[in-house]
1. For region 297-314, how many residues meet the condition of being open to solvent by less than 60 Å² (accessible area, probe 1.4 Å), farther than 12 Å from GLU283 by Cα and either charged (D, E, K, R) or free of Cβ contacts under 8 Å to residues at least 60 places away in the same chain (or both)?
2. Kindly evaluate ASP22 against the criterion of being in a helix (DSSP H, G or I), open to solvent by 50 Å² or more (accessible area, probe 1.4 Å), over 16 Å from MET80 (Cα atoms) and at pLDDT below 85.
3. So, in region 84-100, of the ones that are part of a helix (DSSP H, G or I) and open to solvent by less than 40 Å² (accessible area, probe 1.4 Å), which residue ends up farthest from VAL31 (Cα to Cα)?
4. Out of GLU290, GLU283, I need the residue that is open to solvent by 60 Å² or more (accessible area, probe 1.4 Å) and modelled with pLDDT of 90 or more. Which one?
5. So is GLU32 open to solvent by 70 Å² or more (accessible area, probe 1.4 Å) and part of a helix (DSSP H, G or I) or not?
6. Check ILE103 against each of (1) in a helix (DSSP H, G or I); (2) free of Cβ contacts under 8 Å to residues at least 40 places away in the same chain and name the one condition it does not meet.
7. What residue, among those in region 176-200 that are within 25 Å of the chain's Cα centre (by Cα) and open to solvent by less than 50 Å² (accessible area, probe 1.4 Å), is modelled with the lowest pLDDT?
8. Given the conditions (1) under 28 Å from LEU24 (Cβ atoms); (2) at pLDDT 90 or above, and given that ILE306 satisfies all but one, which numbered condition is not satisfied?
Amino acid sequence: MDVRAVISPTVHDREALEEFADALTDRAPEVERDVARLKKSQGDRELTADLFRAIHNIKGDAALCKFELGIAIAHPIESMMSRFREGEIAFSDLLAETILLAIDRLELATDAVLNRKPLENLRLLDLVEGLEKISRATSERVDADCAELVEAVTGFPPVISSMSGKSPKTAIPKSEHANVSNDLHFFRSLATQFESRSPLFKGRTMRILRLALETNRTAGNPIDPLQLEAAVYMHDIGMMLLPEENWLKVGKLSETDKAQLRNHPGYAAGLLQRMAGWEAAAEIVAQHHEMPDGAGYPQGLNSESICPGAKILAIVDAFEAVMLKHIHRGKNRSVLRAIAEINACDKQFAPEWIAPFNAVIRKTIER
């Protein structure tokens, strides 16, 4: 293995790599679909052949554009599938999750290389070395080696569970705002109306709220929980003031679409600013798409200028988005791979809030 090709990939032909990225976007859901089916029907030789072919095609595409990292990831997976096809190893849940994690990492790495983003947090060397180890492992060692790889790459043990959509059980602190309960009830009703616009949104508000409040609590509640709760309810309400064809659009957004969507935090924050007692919530909503490196919107604030509540909301909102990102193409993203992707985006989120968020997720998946 060429270590440099893994940790610092070279772009030999940018146009070819862009074509590889487009092809990978098409092939990844095929892999996800075939893995899900094969877990249920391990004896299906046609499904086995389909999955082997999909991985082989990814490897072939990478070879054509001289993308060594793609070859380094796909080749050991191809070897695993060959061994499964010959009856040498079983297609366990852990092996399936490892394959899906590897394809996710390849997608993230390809995008990072094309956009000159850092690769360190993707732990690609751990991934490739772990895949090679699994491809050579005895049948008795495969699951253990898969578990080691998953934890080495993601920082989490491979225990998967679904996120609950139940409302968090939190005591409502006293507030000087006389109508706080009525206001929160109203904010929540607006969030419910927003969710009703698409079946994909069902339950998202309470999932985000639970994660936000628990992350804040884990850090010692430095943010007023009431203000944070209001911000969660209201953060996307501005979307309803935009044309539905923009924010419910499937596929890539045009530059015009993106420009319009960037207005939504301001609309929702403006509503809160006009209600006495919710100024902190308004600030959270206004800034929840800002990024520590200044690449966010609408104001391009840097880390020091972004309020803590917005930093929490940015993380939990992105986590929910990652869980649903590939829903249109039939991709079933696990909690484990979603949190791994969030942790890999080191420039997008405030590092001081990643650790409390990770602690909340760790408790969730270990329950």
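The values are calculated or read from the model by the stated rules, or taken from the named source; none is laboratory data. Small disclaimer: the values here were computed from a predicted structure and weren't measured. Neighbour counts run over all protein chains shown; Cβ positions are idealised from the backbone, glycine included. Ligands, DNA and RNA are stripped out before the accessible areas are found, and what is left, the full protein with its side chains, is counted by its heavy atoms. Shrake-Rupley method; radii C 1.70, N 1.55, O 1.52, S 1.80 Å.
1. So the answer is 5.
2. Spelling it out, it is not the case that ASP22 is in a helix (DSSP H, G or I), open to solvent by 50 Å² or more (accessible area, probe 1.4 Å), over 16 Å from MET80 (Cα atoms) and at pLDDT below 85.
3. Here the residue is PHE84.
4. GLU283
5. Criteria not met by GLU32.
6. Condition not satisfied by ILE103: (2).
7. SER198
8. Going through (1) under 28 Å from LEU24 (Cβ atoms); (2) at pLDDT 90 or above one by one, ILE306 breaks only (1).
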